[in-house]
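Below you'll find the structure, written out as structure tokens, and then a few comments.
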Amino acid sequence: MAFTEKDVRYVAELAHLELTEDEIKKFLPQLDSILQYVEKLNKLDTSEIEPMAQVTYPGSENASMRADVPCRYFSQDEALANAPEQGAGCFKVPSVIEREE
Amino acid sequence: MDFTTLTISQIHELLKSRQATAVEITQAHLAHIEQKDKDVRSYLSLCPERALEQAKRVDAAVAAGEALAPLAGIPVAVKDVIMTRGHHTTCGSHILENFVAPYDATAVQRLERAGAVILGKTNCDEFAMGSSTENSSFFPTHNPRDLTRVPGGSSGGSAAAVAANLATVALGSDTGGSIRQPSAFCDIVGMMGTYGRVSRYGLVAFASSLDHIGPFGRSVRDVALVLQTIAGNDPLDSTCAALPVDDYVGALTGDIRGTRVGVPTEYLNGLNPEIRGNIQKGIDLFGKLGCEIVPISLPHTEYAIGCYYIICTAEASANLARYDGVRYGFRSPQHDDLRDMYRKSRNLGFGAEVKRRIMLGTYVLSSGYYDAYYLKAQKVRTLITRDFVEAFDEVDVIVTPTSPIPPFKLGEKMDDPLQMYLADIYTVTASLAGIPGISVPCGKTPSEPSLPVGMQILAKHFDEANLLRVADAYEKAGGFKIS
């Protein structure tokens, strides 16, 4: 399946990236060649193969279970310290609700 | 005496016998950085106050007659994708240019508790995506062995710092070879433990099923000492293994007689003849050390690059969704509404390679393509892992080249991402299988320009002690300077 300019624009939209026209021109052949390359995986019959989402090892399941106890963590000030914009102890963003006049 | 060329054990002896202080060792490194890093450009930022405070604590402990941990007073560089509380952690990206880490990574905390002195944060490809450190948003790092060439990547700054004696050891991160390949390019030692051996708490996520933190050093012993300190269970990382940590330094006996060394035929076919020649000499050296050389097959190797780049970009597209200009990082000053703010912040904040990978990852996860790409790659990952499990029934370690190419010139490969990806072939397989790997120097290419060659040694899950024993015996037998 060939990757088209329409695909580039659609994927950029999904990924919240606003690409420039130059970037779209540059990325299209690059992404297309990478996707053509990975097509070779289809040469393998994997109908009987289980997918692997994570490396697992004996004990790994138990290792992630522990008592849920609160510990000292960030203060509000620390959590907000890197915020581009903040106010009243919250992260500030452009208004998302339109007011009726 | 030049303190910057010493090993961990040599510095430890000087401190213990009071022939040098930790402050003197730290100052010597900071002075050397001041002079030499203008050319290498391995550090993005330094933290001299934090370093000297820590060095003073070590000196006070010596004065009080306290026992010194092996890493006390040892200068360490940390890749800038690893959190250091109160200091910049940029990931080599404009989007985090002003980000100050609110906490220390577990690996950093463990090093500092052991008395190690953190000198600063090192350059890397943006969000650890790349193989040359040229994808840093700030500047490229130069290979100290030849300043016209790249140091490899993505942990190129950490590798270059250790190679240029700008730190005794360093921390890097490895997702598909980002510790091992720059070690090979810079002629030093770098190791990735088993997936889950070292806590990733405080490592900025790139591809969560593949990311590791690991050490760089100029000797196997130094790498073993750092791994010993940072390995082990961490309640703050649910993927970290609750398995005991072996005595890595005690494993370095120099005796590897009877070890079965596997050589995968698929890895040597079509390889650059000069690199192949050096690797063959390395394999012959294992024979002389009393190892049994066993040809093995890893039949799914040719699918590894495709498999890796689907999985790592899919995970990256999800992990990097958090950079939206809301809670931290760059926010575009111009925007119409919230959605527009996300898009403009991300587009101005991220560099080309990061965008390319987010695009690829978003595509392979998108509706209609998930099964064809992502699910398929996860199944191929099972086959690649199975190759290793079967091979390790017959052998104890596997020896391969680290990179199919020697260090290349800055700017040489920037325009062809696929060609750059294909050069990761020998490192991504172990990443997909989650097994540990180390890269050690394996001489220089015989013809001019004479460039470093790296040899990769792989072992079974959680068999780091044996892996380090084999690498150390090879070093002791002169393998680093093979010719």
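The values are calculated or read from the model by the stated rules, or taken from the named source; none is laboratory data. The structure displayed is predicted, hence computed values, not measured ones. With ideal geometry, Cβ positions are generated from the backbone for all residues, glycine too; neighbour counts draw on all protein chains shown.
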- line: Residue pairs qualifying under the 6 Å Cβ cut-off, at least six apart or on distinct chains, with the first in region A:1-16 being over 13 Å from B:L360 (Cα atoms) and facing chain B (nearest Cβ under 8 Å) and the second being hydroxyl-bearing (S, T, Y) and in a helix (DSSP H, G or I), are A:H16/B:Y342
Condition met for B:A69 (touching a residue at least 12 places away in the same chain (Cβ under 8 Å) and more than 27 Å from B:D424 (Cα to Cα)): yes
message: Need a quick list: helices (runs of 4 or more DSSP H) entirely within region B:211-303 having at least 1 residues that are among the basic types (K, R).
response: B:220-230, B:273-288
- prompt: Do we have any residue at all in region B:107-116 that's buried (at least 22 other Cβ atoms within 10 Å of the Cβ), in contact with a Ser or Thr (Cβ under 8 Å, 6 or more places away or on another chain) and among the small types (G, A, S)?
  reply: yes
query: Among the residues of region B:97-109, is there at least one that is in a loop (DSSP other than H, G, I, E, B), away from every other protein chain (no Cβ under 14 Å) and among the polar types (S, T, N, Q)?
result: no
- prompt: Is region B:399-422 home to any residue that is under 23 Å from B:L285 (Cβ atoms), over 22 Å from the mean Cα position of the chain (by Cα) and assigned to a loop (DSSP other than H, G, I, E, B)?
  reply: no
statement: Within region B:232-258, residues more than 14 Å from chain A (Cβ to nearest Cβ) and not β-branched (V, I, T) come out as B:D246, B:D247, B:Y248, B:G250, B:A251, B:L252, B:G254, B:D255, B:R257, B:G258
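Conditions (1) within 7 Å of another protein chain (Cβ to nearest Cβ); (2) at pLDDT below 95; (3) within 23 Å of the chain's Cα centre (by Cα), marked per residue:
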{"site": "A:E18", "(1), (2), (3)": "yes, yes, yes"}
{"site": "A:I24", "(1), (2), (3)": "no, no, yes"}
{"site": "A:V55", "(1), (2), (3)": "yes, yes, yes"}
{"site": "A:G59", "(1), (2), (3)": "yes, yes, no"}
{"site": "A:A63", "(1), (2), (3)": "yes, yes, no"}
{"site": "A:R66", "(1), (2), (3)": "yes, yes, no"}
{"site": "A:C71", "(1), (2), (3)": "no, yes, no"}
- line: Picking from B:K379, B:K344, B:K413, the residue that is among the charged types (D, E, K, R), touching a helix residue (DSSP H, G or I) at 6+ places or on another chain (Cβ under 6 Å) and buried (at least 17 other Cβ atoms within 10 Å of the Cβ) would be B:K413
query: Can you name every residue in region B:418-461 that is buried (at least 24 other Cβ atoms within 10 Å of the Cβ) and aromatic (F, W, Y)?
result: B:Y426
Matching residues, region B:378-398, being in contact (Cβ under 8 Å) with a residue 60 or more places away in the chain, out of contact with any Gly (no Cβ under 6 Å at 6 or more places or on another chain) and not in a helix (DSSP H, G or I): B:F392, B:E394, B:D396, B:V397
message: If I filter region B:296-324 down to residues being within 30 Å of A:N42 (Cβ to Cβ) and among the aromatic types (F, W, Y), which single residue comes out as farthest from the other protein chains (Cβ to nearest Cβ)?
response: B:Y308
- request: Go through the residues of region B:357-373 one by one and say whether even a single one is at the interface with another protein chain (Cβ under 7 Å from one of its Cβ atoms), within 20 Å of A:D7 (Cα to Cα), charged (D, E, K, R) and in a helix (DSSP H, G or I).
  value: no
- prompt: Would you pick out the residues in region B:62-82 that are in contact with a Gly (Cβ under 9 Å, 6 or more places away or on another chain), buried (at least 24 other Cβ atoms within 10 Å of the Cβ) and hydrophobic (A, V, I, L, M, F, W, C)?
  reply: B:L71, B:A72, B:I74, B:A77, B:V78, B:V81, B:I82
field: The one condition in (1) within 14 Å of chain A (Cβ to nearest Cβ); (2) more than 30 Å from A:E39 (Cβ to Cβ) that B:F286 fails to fulfil
entry: (1)
task: Working only within region B:83-106, note down all residues that are among the charged types (D, E, K, R) and surrounded by fewer than 18 Cβ atoms within 10 Å (Cβ to Cβ).
output: B:R85, B:E97
message: For region A:28-38: of the residues being in contact with a helix residue (DSSP H, G or I) (Cβ under 8 Å, 6 or more places away or on another chain) and surrounded by fewer than 20 Cβ atoms within 10 Å (Cβ to Cβ), which is farthest from the other protein chains (Cβ to nearest Cβ)?
response: A:L28
message: Looking at the structure I just gave you, is B:A167 under 23 Å from B:Q35 (Cα atoms), touching a residue at least 40 places away in the same chain (Cβ under 8 Å) and assigned to a loop (DSSP other than H, G, I, E, B)?
response: yes
- request: Output the residue which, of all residues in region B:339-389 that are in contact with an Asp or Glu (Cβ under 9 Å, 6 or more places away or on another chain) and aromatic (F, W, Y), is farthest from B:G262 (Cα to Cα).
  value: B:Y342
message: Let me confirm something: among B:R327, B:R343, B:R331, B:R381, which residue is of a type in the set (D, E, K, R), facing chain A (nearest Cβ under 8 Å) and in contact with a strand residue (DSSP E or B) (Cβ under 8 Å, 6 or more places away or on another chain)?
response: B:R327
message: From the list B:G190, B:G177, B:G157, B:G152, exactly one residue is touching a residue at least 40 places away in the same chain (Cβ under 8 Å), in a strand (DSSP E or B) and buried (at least 24 other Cβ atoms within 10 Å of the Cβ). Which is it?
response: B:G190
